[in-house]
Each structure stands twice: as C-alpha cells, then as structure tokens.
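A.B. asks: My questions all concern the structure below.
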Amino acid sequence: MAWSGRLLVLGFASGPIAGLATNRAVIEGLSILGVRAGEYRRRDPAQRAGVFARVGVLANLGALRPLIGRT
C-alpha cells in the first residue's frame, strides 16, 4: 500500500471478522474507511448507484487491485 493511502474495509461475507493491526496505519500514514454497502441502499440510493458505477469503471480499467484473503 502506498504512503498516505486509503484502506477501505468493505463489509463481511461470512466467517470470523478479521482484525486490523492499527500500528501499520500509523507507520504508513494510512486512512482507514469502513464501507457498509447495504447502508447506501437504505440511506442514499442515488449516491449508491453513482459509487457502484465509478467502481465498475475503475475495475474495467484495471485500476483496482483488491486483496482477497480467500474465496
């Protein structure tokens, strides 16, 4: 992860919730943001549609490199 990067924690599918070593965020100057996608549907459906569209564009460009621990 780049210096001063942003780490997005995107919900949980199943199993135990992963822990986070917060010292890494301090050392690398990271910002951590929790994203609960389901809340967008309830609180702001229009914003949800825009966010999902932008994520799709970034994915198609290969600009996203998600770290997936296991499927």
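A.B. asks: Determine whether residue 22 is at pLDDT below 85 and of a type in the set (Val, Ile, Thr). Show your work before the answer.
C.D. replies: Values: at pLDDT below 85: no; of a type in the set (Val, Ile, Thr): yes.
No: the conditions fail for residue 22.
A.B. asks: Does residue 18 satisfy being part of a helix (DSSP H, G or I) and not polar (S, T, N, Q)?
C.D. replies: no
A.B. asks: Can you work out which of the residues in region 30-39 that are touching a residue at least 12 places away in the same chain (Cβ under 8 Å) and assigned to a helix (DSSP H, G or I) is surrounded by the fewest Cβ atoms within 10 Å (Cβ to Cβ)?
C.D. replies: Result: 38.
The rows are residues; the columns are (1) surrounded by 10 or more Cβ atoms within 10 Å (Cβ to Cβ); (2) aliphatic (A, V, I, L, M); (3) over 21 Å from residue 64 (Cα atoms).
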residue	(1), (2), (3)
3	no, no, no
8	yes, yes, no
14	no, no, yes
19	no, no, yes
23	no, no, yes
28	yes, no, no
41	yes, no, yes
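A.B. asks: Return the residues of region 22-41 that are of a type in the set (S, T, N, Q) and farther than 12 Å from residue 1 by Cα; say none if nothing qualifies. Walk me through it before giving the result.
C.D. replies: Filtering region 22-41 for residues of a type in the set (S, T, N, Q) gives 22-23, 31.
The answer is 22, 23.
A.B. asks: Another question, then. Could you pull out the residue among 54, 42, 48, 24 that is part of a helix (DSSP H, G or I), of a type in the set (D, E, K, R), at negative phi and touching a Lys or Arg at 6+ places or on another chain (Cβ under 7 Å)?
C.D. replies: Matching residue, one of 54, 42, 48, 24: 48.
The values are calculated or read from the model by the stated rules, or taken from the named source; none is laboratory data. Bear in mind that the values here come from a model prediction, so they are computed numbers and not experimental data. Every residue, glycine as well, gets a Cβ built from its backbone with ideal geometry; the counts of neighbours run over all protein chains shown.
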